[in-house]
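Trainee: Handing you a structure now.
The values are calculated or read from the model by the stated rules, or taken from the named source; none is laboratory data. Everything numeric here is computed off the predicted structure, so don't read it as measured data. Ligands, DNA and RNA are stripped out before the accessible areas are found, and what is left, the full protein with its side chains, is counted by its heavy atoms. Shrake-Rupley method; radii C 1.70, N 1.55, O 1.52, S 1.80 Å.
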Amino acid sequence: MSATSRREPGGDTSGERDVLASASVRRVQAALDALGGGHRVVELTESARTATDAARALGCRVDQIVKSLVFRGRRTERAILVAASGANRVDEVKVGELLAEPIAKADAAFVRARTGFAIGGVAPVGHAEPVPTLIDEDLMKWEEIWAAAGHPSSIFRLTPADLVRMTSGRVVVIRV
Ligand code: 5CA
């Protein structure tokens, strides 16, 4: 689907779909507003729970989708966000070395507790607590990229430089 399948939450107040009323999506839009870059959450008319779904819905390449993956520090129990290019698999050993701490994939409850988002809607901003972020260098080559915005059918467009700025993230090689 193309741009015609998008609409903005709040723009269409007759919106019957739950996502328009989602507190998580509103939290992301509020965080984006506070950052001042003019980013707008858009609602897809179809679910984009995975990066592949999102790319299909947007008509972009899966590499342009930001996968916001949450990991758990095995020693500190801290949450770490890896913003990965949609087609890449994250090398957990490599990321562990970068963080000087082994990591494990977070489970759904941990993701929800630390970010405030359910898997499939984890945004790179608007978290329940500050979450240190690593950014896949493969995202940096695109003019525009898309990230989840609190719900599996909500998304926002940004540039790689925006992503670095809004997360204070460190750009690293994370792919297997
Ligand atoms: N809305 C899309 C496109 S932006 C999205 O959020 N994609 S994602 O890649 O960032 O989030 C889905 C990811 O959640 C999957 O790639 C997978 O790594 C992770 N995931 C899915 N199920 C689980 C689970 N049960 N526990 C932990 N992580 C999971």
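Trainee: Need the list of lysines near LYS105 for cross-linking: C-alpha distance under 23 angstrom, and skip anything on the same chain fewer than eight residues off.
Mentor: LYS67, LYS94
Trainee: Okay, next question. What Rg and what Dmax come out for the chain when only alpha-carbon atoms are used, in angstroms?
Mentor: Values for the chain (Cα only, Rg and Dmax): 15.2, 50 Å.
Trainee: While we're here: For Cα pairs less than 8 Å apart in space and 6+ apart in sequence, what is the mean separation divided by the residue count of the chain, i.e. the relative contact order in percent? All intermediate terms of the calculation are to be shown ahead of the outcome.
Mentor: Numbers: 371 pairs, mean separation 44.4, N = 176.
RCO, the chain: 25 percent.
Trainee: Accessible area per residue for the chain in Å², computed with a 1.4 Å probe and the full protein assembly in place, what is it?
Mentor: Accessible area per residue: 47 Å².
Trainee: For the chain, modelled as a GNM with alpha-carbon contacts under 10 angstrom, which of LEU99, LEU139, LEU58 fluctuates the most?
Mentor: LEU99
Trainee: Got a number for carbon plus sulfur as a percent of the chain's accessible area, 1.4 Å probe? List each step's numbers first, then the result.
Mentor: Details: 4220 of 8330 Å².
In the chain, the share of accessible area belonging to carbon and sulfur is 51 percent.
Trainee: On to the next question. To the nearest 10 degrees, how steeply does helix 23-35 sit against the main Cα axis of the chain, on a 0 to 90 scale?
Mentor: 80 degrees
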